[in-house]
Amino acid sequence: MSALLSQDINYDAIKDPQIVTLLKGLKHRRFNAYYAPDAAAARKIVLELVPADVKVGTGDSTSATQLGIADALKERGTVVYDAHRRGNSWDDTHRFSALSYSPDCRYFLTGTNVVTQDGRLVNVDAVGNRVAGMFYGHEHSVLIISRNKIVKDLDAAFHRIRTQISPQHVKIRSTDLGGRPFKTGCVKTGVCVDCQGEDRTCNVFTVIEGKPKRTTVHVVVVDLDIGLGWDPSWPQERIQKIIDGYKSLVWIPPQLKN
Ligand code: SF4
């Protein structure tokens, strides 16, 4: 086993104490936890975790796209049903989504919206497919988490999802990037009004507290700012960089395009 995949993490080499606490919390909950200092290390970990000859299903994860993980797996010859990729037709998206949840896919790759310092994985989903794939239907799920997704506790996790991640996700994908305007209230203001219409995206909340009985969960903690999420107290420059990176690769469903 390589040093990257070792469960004996060298905590002394990690500068951010929040990440050390998180890695220990994840292991305490019987998740397999890995530390990646950069994108290249994250790709290397996933390439070592996932056997070359398996099929990999995916849930929508901008973080995984930013790290180039699906591309690296495909270049290596692994079949990846990369459904949530800009440029896919709606037919492709549906086809690859359906294949992602087939029993043929022993591995499932996605990201996580928020993680508490002690290792609880907290997510929101519109359809529910991404979150379900994390804990059921595949032998292994591989979850990408970056340093900007760490929050203090469950209260902070739900607060961040409701006041920031969900409204910003809707606003960016529709208003900012020119998709169909959602009728959700948050779309123009970026503030949640607990809408109840058909366009609501915050329909399924999940908290994974420990290793699901039938799934091995691998959590790759990446020491980078990627995906969507920040603390409002951070410098504006850091926040803007996160938003710009997210906007550059977030998946926009084809049917949302005007
Ligand atoms: S519940 Fe509705 S208004 Fe609130 S963030 Fe979700 S989609 Fe937006």
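The values are calculated or read from the model by the stated rules, or taken from the named source; none is laboratory data. Everything numeric in this text was worked out from a predicted model, so none of it was measured. Here the Cβ positions follow ideal geometry from the backbone for every residue, glycine too, while neighbour counts run over all protein chains shown. Each accessible area value is taken on the protein alone, full model and side chains, heavy atoms only, with ligands, DNA and RNA left out. Shrake-Rupley method; radii C 1.70, N 1.55, O 1.52, S 1.80 Å.
The magnitude of the dipole of the chain, with charges of +1 and -1 set on the Cβ of Lys/Arg and Asp/Glu and taken from the Cα centre, is near 300 debye. Taking a cut-off of 13 Å between Cα atoms, list the aspartates and glutamates near Lys74, but don't count ones fewer than 8 places away on the same chain. Those aspartates and glutamates meeting the cut-off are Asp53, Asp82.
In the context of the full set of protein chains, the chain has a per residue accessible area of 46 Å² (1.4 Å probe). Each Lys and Arg Cβ is given +1 and each Asp and Glu Cβ -1; about its Cα centre, the range 7-134 then shows a dipole of about 220 debye.
Between Asp71 and Glu139, the modelled label-to-label distance comes to 2.9 nm, taking each label 7 Å out from Cα in the direction of the beta carbon. Dipole magnitude for the range 165-249: computed about the Cα centre from +1 point charges on Lys and Arg Cβ and -1 point charges on Asp and Glu Cβ, it is near 320 debye. Using a cutoff of 8 angstrom between alpha carbon atoms and counting only pairs six or more residues apart, the relative contact order for the chain works out to 25 percent. Can you find, among Ala13, Gly245, Gly87, the residue farthest towards the positive end of the dipole of the chain? Put +1 on the C-beta of Lys and Arg, -1 on that of Asp and Glu. It is Gly87, whose Cα lies furthest towards the positive end. Taking every alpha-carbon pair under 8 Å whose residues sit at least 6 apart, the range 100-171 reaches a relative contact order of 39 percent. One equal scatterer on each Cα of the chain, no solvent, Debye formula: the resulting log10 I(q)/I(0) at q = 0.08, 0.09, 0.12 Å⁻¹ is -0.29, -0.37, -0.67. Roughly how far apart, in whole Å, are the Cα centres of the range 34-102 and the range 115-132? So the separation of the two Cα centres works out to 18 Å. Relative to the current alpha-carbon distance between Ala39 and Glu237, full extension at 0.36 nm per residue lengthens the span by 69.2 nm. Comparing Ser141, Ile45, Pro103 along the charge dipole axis of the chain, the residue lying farthest to the positive side is Pro103, per the Cβ-charge model.
Each peptide in 122-128, 231-237, 84-90 gets a packing score, the mean of other Cβ atoms within 10 Å over its residues, and the list from highest to lowest is 122-128, 84-90, 231-237.
Of the residues Cys195, Cys186, Cys105, the one that moves most in a GNM of the chain with alpha-carbon contacts below 10 Å is Cys195. For a straight C-alpha distance cut-off of 16 angstrom, the aspartates and glutamates reachable from Lys211 (same-chain residues fewer than eight places away being disregarded) are Asp118, Glu139.
Under 25 Å of direct C-alpha separation, and excluding same-chain neighbours fewer than eight residues apart, Lys183 reaches these lysines: Lys171, Lys247, Lys257.
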